[in-house]
Amino acid sequence: MILHTYRLWLALSLIMIGLTFSPHTRAQDGPSAIPEGSGSIIQPVSWQLTGENATALVEQVRAVVQQFEGAILVKDEKDILVLSLPSAQLPDLHQKLSALGTLTSPPATDEYQAPTTLLRLMLE
């Protein structure tokens, strides 16, 4: 039951993020166009991981993600994985994924804007 509730909360959070960053949001809409507080709960991050064998890479990434407590695989498709995890675990995840291939990501910082990160990991 708790897992179901958490997944429902996560789905609603993803919808809020999608609406926040959709191309239909205009600057003149002002602050009311963005749900209050959504930026302080979840921060979106995108990384790209390139490896030699894409099929094996996906399996290796899934195995790495399972090692992290609190990480949830939200979307699992052929060339994209979306996961939610505590932001404090990003440096450790970055290090483990870097061992699997070439990881392209924004510079890592020790300061996080939100306690949870929604990570979009594109695999090539």
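What follows draws every value from the coordinates through simple rules; no lab data is involved. Remember, predicted model here, so these are calculated numbers, not experimental data.
Report the full-extension gain for the segment Ile2 to Asn53: residue separation times 0.36 nm, less the Cα-Cα distance, to one decimal in nm. Don't skip to the end; give the middle numbers.
Details: separation 51, 0.36 × 51 = 18.36 nm, distance 3.68 nm.
Length gained, Ile2 through Asn53: 14.7 nm.
Which length gain, in nm to one decimal place, applies between Met122 and His94 when the Cα-Cα distance is subtracted from 0.36 nm times their residue separation? Mind showing how you got there, number by number?
Details: separation 28, 0.36 × 28 = 10.08 nm, distance 1.35 nm.
Between Met122 and His94, full extension yields an extra 8.7 nm.
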